[in-house]
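Read the figures in this text as sums done on the coordinates, not as results from a lab. As the structure is a computational prediction, the values presented were derived from the model and not from experiment. When we count neighbours, we look across all protein chains shown, and the Cβ atoms used for this are built from the backbone with ideal geometry, even at glycine.
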Amino acid sequence: MLKLNSKIPGGPLEQKWETHKFNLKLVNPANKRKYTVIVVGTGLAGASASASLAEMGYQVKAFCFQDSPRRAHSIAAQGGINAAKNYPNDGDSVYRLFYDTIKGGDFRAREANVYRLAQVSNNIIDQCVAQGVPFAREYGGLLDNRSFGGAQVSRTFYARGQTGQQLLLGAYSAMMRQVGLGAIQMFNRREMLELVLVDGAARGIVTRNLMTGQIESHVADAVVLATGGYGNVFYLSTNAKGSNATAVWKAYKKGAAFANPCFTQIHPTCIPVSGDHQSKLTLMSESLRNDGRVWVPKKQGDNRPPSQIPNEDRDYYLERVYPSFGNLAPRDVSSRQAKFRCDEGRGVGESKMAVYLDFRDAIQRLGKDKIAERYGNLFQMYEKITDENPYEVPMRIYPAVHYTMGGLWVDYNLMSNIPGLHVLGEANFSDHGANRLGASALMQGLADGYFVIPYTIGDYLAGSKLPKVDATHDAFRAAEAEATGRLTKLLSIKGGKTVDELHRELGKIMWDHVGMSRNEAGLKKALELIPRVREEFWNNVKVSGEPNLMNPELEKAGRVADFLELGELMARDALERKESCGGHFREESQTEDNEAKRDDANFCYVAAWEYKGDGKAPEMTKETLEFERIHLATRSYK
Amino acid sequence: MSTTHKSLNLTLKVWRQKPGAPGRFVTYPARNISTDMSFLEMMDVVNQDLIKKGDDPIAFDHDCREGICGSCSMTINGNPHGPDRETATCQLHMRRFTEGETITVEPFRARSFPVIKDLAVDRAALDRIMAAGGFVSVSTGNAQDANNIPVAKENADLAFDAAACIGCGACVAACKNASAMLFVSAKISQLALLPQGQVERERRARNMIAQMDKEKFGNCTNTGACEAACPKGITMENMARTYREFLKAELSKRH
């Protein structure tokens, strides 16, 4: 059984972080340069952490698998970033952002972590503006805000539909400044294949150079993983093709606990699948629901073109079911509603697996130019993919896998249960509970990287006696041999199915049984089917190409091999959690009107899974969630 | 859904190259390609066939497949990112092509972008230009309140237009001189338009342009091929602004 200490500081909620910062040990300025920190991943969390740690004086080695750190998938985030600035004077506050986030997560996140997130949210906006991030502004020169799901205030800052891009380029520029100053050593086109522990502490990683195939060891005093989420387990998701779970999975297999793996976010507004060739799904930002209205025809089999269906024959179901939040109901709720409508036979489009997102009324009210200014790039993206003009025809949308709330377990300092291994951003489990609110991922990634890890890592380094280690250490030799052996094995199978074929099989099992709606029979079925695909993978996969050259198939094979293990853990966790909460909907646990029914008496905990060896069942440890301030309530958006 | 979707049979002439060896074009059939596929999905289909046959699949860079990460980098029928304006390769759809067509696919060609394998090139030179000055020197923490720095909406919008650059390098590949001026000017322009960028304005222009020269990108001769190839619509107006910035920086240099 794991011993998990969340290290949540005592004292009143509002003062926990301030008190904690004072109590954290410091590394004096002259000593910082004696420490090396490895940061894996260069998205919002990784880039902001790398830049901030290097500015403080640490030696940073940063890694990404892409050809440039600027390409990490945070770049694709569209809608915005939340902060409790209350610039619109509509009643926002740190406490309200905190409350909305806890409630949005269906009361399955830690109060103290989320409160800190809300506290530092305002610093993030200040920092980004100082870097020259071109947020949207009003004519008076001040920053503009819009609304996002699950909130009744306008607290979302944005840069057209490319907020993630602009924030990431800000963090990337801060990082490149440190590269230029020699404080960060950048390793692009590197994939982390192993985490290396010495005396139980994280002391380095083994990577593959994706250009030359070379296996390399990198030594450090602490390791930070900011490697994103694992949505690609499903094959089709809004993640980038390269987004993967290998780094966190290797850490799990070295003893890091994996928390709440079943908490997956299915985003309600994505462009529907068009055929079997589909390689990924494209998100249409939640911000569109500020002005777009979601509807399906009232009658089944109404095949009239949308423009010929009069208002009285339309069911604006989100406005009908959730009158106070309407089209801005949170993601999990909106996704399930879309599924219900399609299951009722009222879906639209050729596949009938879509609902309309209609801008007709907004265009009439505000004019086409205003809509173009707000969402121009999204409309253009939609048209390129579907060949339909959303200014004239309503968008067709359907839910798709988008984000994973689960991830490696971390304490209040963002350190996993392995000393020295820190986990930031989507890769950890910490702040979003069972459902993340829109525009909160960017906030969390940057909060972790700019404003949390710079304080907490010093406490670890100052408080640890780390022996001097170099890459000739046995632990590194062993990890290199492990990584090389696995690659050799993958290339030697020479079977009959491609990596993509097997990945698609896994994805279908996950979507059918561990997707938007889950039940005991389906989850048990998944637990039967996934090991079969895994076995076939290791006996019948075909990976061509060479080990010592750029070989994208080999990269993909290693990632899919890990998804085939992680998928099973997700199903196991979903089976164990017999309540519905947030994005985890167990059909056995629902109210009469099909809303998620939580079971606080039995499931108000974080499920932290521990690896026990191949072929052995993992063991689950519960971290009970204590709510001191917030009263656990039924989550209602009606 | 497009009501006109159908399938195409195409011939591809693809550049194949391993490091340290000369490259060559190899011809591959691409059969039963749905017009709803993106160009990269078509490449996936061709690669699946190659793997099944035990051949080495074609290496190419790609990641987000929604036109924002800047990874994809193919020159299609002589055009970086293909024939459509303001469209990255991943957003180019096969409905743009016709039955029986032969399509030539090459890497982004430039002296500063060495080929790694097949269609994948090394664009790290662009990162090194950014490291030379593509930033505002502001360390984390203690930034003033965001609304203490008002920015006229017109300038914020222009800065955004420049900041939309995805760093793909199509401008370099399109330019007969392999100049990176459009890329460099997008960043110089963004920061020159904003109050936050003023303090380092001159240093930035000098250092980024010096690094561009050091990386052996060619000089700009204002042909405009870069603007035509840019998937994000970055305009040559940014280059005009950059020349002014550079001239001002050079004239005011204190030795």
* Asked: Highest GNM mean-square fluctuation, chain B, Cα pairs closer than 10 Å: which of B:M181, B:M212, B:M43?
  -> B:M43
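Need one value for A:120-130: mean number of C-beta atoms belonging to other chains within 10 Å of its residues' C-beta atoms.
Numbers: counts 0, 0, 2, 6, 3, 4, 9, 7, 2, 11, 11.
Averaged over the peptide's residues, the number is 5.
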* Structure fact -> Close lysine pairs (the stretch A:267-400; alpha-carbon distance under 23 Å; 8 or more apart or on separate chains) counted at 11
* Within the P(r) computed for the protein assembly as shown, what percentage of the Cα pairs occupies the region above 42 Å? -> 28
* **³J(HN,Hα) computed for each position of the stretch A:278-292 - Karplus, 6.51 cos²θ - 1.76 cosθ + 1.60, integer Hz, glycine/proline x** => 3, 9, 6, 10, 10, 6, 10, 3, 4, 4, 4, 6, 5, 10, x
* Provide the packing ranking of A:524-535, A:266-277, A:211-222, i.e. peptides ordered by the mean count of other C-beta atoms within 10 Å per residue, highest first. => A:266-277, A:211-222, A:524-535
* To do: List the residues whose amide H sits under 5 Å from the amide H of A:F187, counting only those 5 or more places along or on another chain, with H placed 1.01 Å from N in the peptide plane.
  => A:A62, A:F63, A:C64
* Structure fact -> extent check for the stretch A:306-448: Cα max minus min per principal axis, descending, whole Å, gives 63, 35, 30
* Using only the C-alpha atoms of the stretch A:427-539, find the volume of their convex hull and express it per residue in Å³. => 200
* To do: Tell me the GluC sites (Glu not before Pro) within the stretch A:578-638 that lie in a loop according to DSSP and have at most 14 other beta-carbon atoms within 10 Å.
  => A:E587, A:E588, A:E592, A:E626, A:E628
* What is the mean number of Cβ atoms from other protein chains located within 10 Å of the Cβ atom of each residue in peptide A:140-150, rounded to a whole number? -> 3
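Viscosity 0.692 mPa s, temperature 37 °C: give me the Stokes-Einstein translational D for the stretch B:54-107 in µm²/s, with Rh taken as the Kirkwood radius over C-alpha pairs.
Values: Rh = 12.0 Å.
Answer, rounded: 273 µm²/s.
Evaluate peptide B:55-62: per residue, the Cβ atoms of other protein chains within 10 Å of its Cβ; return the mean as an integer. Kindly include the intermediate steps, with their values, before the conclusion.
On the way: counts 2, 6, 7, 1, 6, 2, 7, 6.
Mean number of neighbouring Cβ atoms from other chains: 5.
Convex hull over the Cα atoms of the stretch A:474-598, averaged projected area in nm²?
Over every viewing direction, the Cα hull of the stretch A:474-598 projects on average to 9.5 nm².
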* Which order do the peptides A:368-381, A:485-498 take when ranked by the mean count of other beta-carbon atoms within 10 Å per residue, highest first? => A:368-381, A:485-498
* 3J(HN,Hα) from dihedral phi, the stretch B:170-186, Karplus parametrisation 6.51/-1.76/1.60, rounded to Hz, x for glycine, proline -> 4, 4, 5, 5, 7, 7, 5, 9, 6, 8, 9, 4, 5, 4, 5, 5, 4
* Using the alpha-carbon centroid of each, what span in Å lies between the stretch A:17-60 and the stretch A:102-133? -> 19
* So what are the three principal axis dimensions of the stretch B:124-251 from its Cα atoms, in whole Å, longest to shortest? -> 45, 29, 27
* Separation of alpha-carbon centers, the stretch B:170-187 and the stretch A:507-581, rounded to whole Å -> 43
* Asked: Just from the alpha-carbon atoms, what are the Rg and Dmax of chain B in angstroms?
  -> 20.6, 67
* Order by protection proxy (mean Cβ within 10 Å, highest first), peptides A:428-435, A:179-186, A:27-34 -> A:428-435, A:179-186, A:27-34
* To do: With 18 Å as the limit, write out which pairs from B:K187/B:K232; A:K25/A:K465; A:K3/A:K254; A:K16/A:K622; A:K494/B:K53; A:K25/A:K253 have Cα-Cα distances beyond it, or answer none.
  => A:K16/A:K622; A:K25/A:K253
* **Scattering curve values for the stretch B:7-117, log₁₀ I(q)/I(0), Debye with Cα scatterers, q = 0.13 Å⁻¹** => -0.46
